[in-house]
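Below is one structure, written out as structure tokens; the observations come after it.
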Amino acid sequence: MGSRVKKDKHVYVCQECGQTEAKWLGRCPGCGGWNTLEEETLPDEAGKKHRSRAPSAAPQPLKDVDSGGGEQRISTTMAEADRVLGGGLVSGGIVLLAGEPGIGKSTILMQILMGLASEGRKVLYVSGEESLEQIRLRSERLGHIPDTLFVASETDVEAITSMVGQYSPEVLAVDSVQTLYHSSIASAPGSVAQVREGAARLMGAGKTAGLPVILVGHVTKEGSLAGPRVLEHLVDAVLYLEGDRTHSFRLLRTVKNRFGPTHEVGVFEMTSSGLKEIGNPSQLFMSRSSTGMPGSVTVPCVEGTRPILVEVQALVAPSYLGTPRRTATGFDSSRLALLIAVCERYLNASFYNKDIFLNVAGGMRLTEPAADLGVITALYSSLRQRPVPAGCAVFGEVGLTGEIRPVGRAKLRLEEAWRLGFKQCIIPAANLEKEGLSNKYNKGLLPMNKLLQLEDIF
Ligand code: TYD
Ligand code: MG
């Protein structure tokens, strides 16, 4: 018998989106990224074994399936984290905690784990990024170290899964997926193949042992690098920790959750002793000193189900450049260009010889269309050098024909504005009609349906 030559299968995998190609291409057909395809070796043997092990359970009527009486939630002891998770961790559920390097993922994870362990749960934290000494130093800053918090420095996936079998923790956390390494795969740690395989194995271990698993994944500014994106479909929940590193506040955002709400946010502030929960975030994004100044407008935004008052500042100044400057921080610059064009057309405002700077205070990012009218009001206020009336907030979506469109959750926005002492609010007229906003606000509401009406208040 001739010896069989074992042939490895080579494929080219996009490190951005995970698209697999048989040959190398300069541009990924999946995501359009340039030079993102890299050669990887498929785990031939491992793959086959995996397939043959798949359970073949007979189909059964859905109504006879036991739902388990609603899944058991394990509270993280951090109210903001629980809110984002939809009540807490779920046994057998796998959560991906993603964010840019240095944003505070390991910190928040450690705080959650310390909270879980302080209630007597056996928690295992495996880090491939930091030494045990570094982990110890960090945890000392975060508070009392509970007895049942175990740490290990390991990157080998098989070693981690056998640790789970041996020590049977109640919660497993692995920091980060980019450091995981499985010997059946030839490519380097951090490649799509390694990340995917590592996460799949840990997920299997978590489901078998019925314990929640938290994975940390790094993303880069541009989006993601061999990690979170390719894992999103695999895991049960994806949380993004976001924020501007030059500011102290952080948002923990759900982008996917099989067990709870998506688009929910938790708000934190980075302090010298870890992340502190902010139950009342509106105060964080408003600078008291600039209210009443031209160009400053307060917008009641909604993140998930929670209202946050955010201050938008605009500066419109004469330009000495051939092409005037348009700079936006915390706001999409093409959306800004669009809103400027709408202003030019439907307001008596011309910006062609003006530099425009737009800033969302506190490092917050505004993505809601409901902020449109606030941005336009800020631009117009700065252009005219007249402040918005004191104690007046603004929200509304602006269409390309200068019409002001209704937005969702108007009541929630108004409640938050009134709670923080606002007495007036410019709102879309359609919201007033649609929702029959209570008399409580009626006197303070300035309904508008055309952009031109803005001129009346200045
Ligand atoms: P870290 O959790 O290590 O980030 P990641 O795991 O996402 O890469 O956090 C890094 C930053 O947080 C670092 O710049 C120091 C800062 N930090 C604080 O400000 N306070 C603290 O208590 C801790 C532990 C970190
Ligand atoms: Mg880290």
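The values are calculated or read from the model by the stated rules, or taken from the named source; none is laboratory data. If you're wondering where the values come from, they're calculated on a predicted model, not measured in any experiment. Cβ sites come from the backbone with ideal geometry, for glycine too, and all protein chains shown count toward neighbours. Heads up: the accessible areas ignore ligands, DNA and RNA and are worked out on the full protein's heavy atoms, side chains in. Shrake-Rupley method; radii C 1.70, N 1.55, O 1.52, S 1.80 Å.
Residues that are surrounded by 19 or more Cβ atoms within 10 Å (Cβ to Cβ) and over 15 Å from Ser382 (Cα atoms) within segment 343-360 comprise just one, Tyr346.
Give me the residue from segment 111-134 that is touching an Asp or Glu at 6+ places or on another chain (Cβ under 9 Å) and within 15 Å of ligand 1 (Cβ to nearest atom) and, out of that set, most open to solvent (accessible area, probe 1.4 Å). Once the filter is applied, the top-ranked residue is Glu129. Contact map, segment 266-279: first residue in the same structural domain as Asp82 (by TED's automatic domain parsing), second residue among the hydroxyl-bearing types (Ser, Thr, Tyr) and more than 16 Å from ligand 2 (Cβ to nearest atom), Cβ cut-off under 8 Å, separation 6 or more or different chains; pairs are Glu269/Ser248; Met270/Ser248; Thr271/Ser248.
Of all residues in segment 316-354, those being in a strand (DSSP E or B) and closer than 24 Å to His247 by Cβ number 5. Only helices (runs of 4 or more DSSP H) whose full extent lies in segment 104-207 are considered here, and the ones with at least 2 residues that are among the aliphatic types (A, V, I, L, M) and within 16 Å of ligand 2 (Cβ to nearest atom) are 105-118, 132-142. When segment 135-147 is filtered for residues that are within 16 Å of ligand 1 (Cβ to nearest atom) and either outside the structural domain of Val230 (by TED's automatic domain parsing) or of a type outside the set (Lys, Arg) (or both), the ones remaining, listed by number, are Ile135, Leu137, Ser139, Glu140, Leu142, Gly143, His144, Ile145. Could you tell me whether Val171 is farther than 23 Å from Glu40 by Cα and open to solvent by less than 10 Å² (accessible area, probe 1.4 Å)? Yes; evaluated as a whole, the condition is true for this residue.
Residues that are assigned to a loop (DSSP other than H, G, I, E, B), exposed (fewer than 15 other Cβ atoms within 10 Å of the Cβ) and within 16 Å of ligand 1 (Cβ to nearest atom) are absent from segment 292-310. Report yes if Gly88 is within 23 Å of Phe259 (Cα to Cα), within 16 Å of ligand 1 (Cβ to nearest atom) and buried (at least 19 other Cβ atoms within 10 Å of the Cβ), otherwise no. Answer is no for this residue. Residue pairs whose Cβ atoms lie under 6 Å apart, separated by 6 or more positions or on different chains, with the first residue in segment 293-318 and closer than 17 Å to Arg253 by Cα and the second of a type in the set (Asp, Glu) and open to solvent by 10 Å² or more (accessible area, probe 1.4 Å), are Cys301/Glu368; Gly304/Glu264; Pro307/Glu416.
Among all positions in segment 92-108, there is at least one residue which is basic (Lys, Arg) and within 13 Å of ligand 1 (Cβ to nearest atom).
A quick yes/no check of all residues on (1) among the β-branched types (Val, Ile, Thr); (2) assigned to a loop (DSSP other than H, G, I, E, B); (3) outside the structural domain of Leu347 (by TED's automatic domain parsing); (4) surrounded by fewer than 14 Cβ atoms within 10 Å (Cβ to Cβ):
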| site | (1), (2), (3), (4) |
| --- | --- |
| Ser381 | no, no, no, no |
| Pro387 | no, yes, no, no |
| Ala390 | no, yes, no, yes |
| Thr401 | yes, yes, no, yes |
| Arg413 | no, no, no, no |
| Trp418 | no, no, no, no |
| Phe422 | no, yes, no, no |
| Ile426 | yes, no, no, no |
| Leu432 | no, no, no, no |
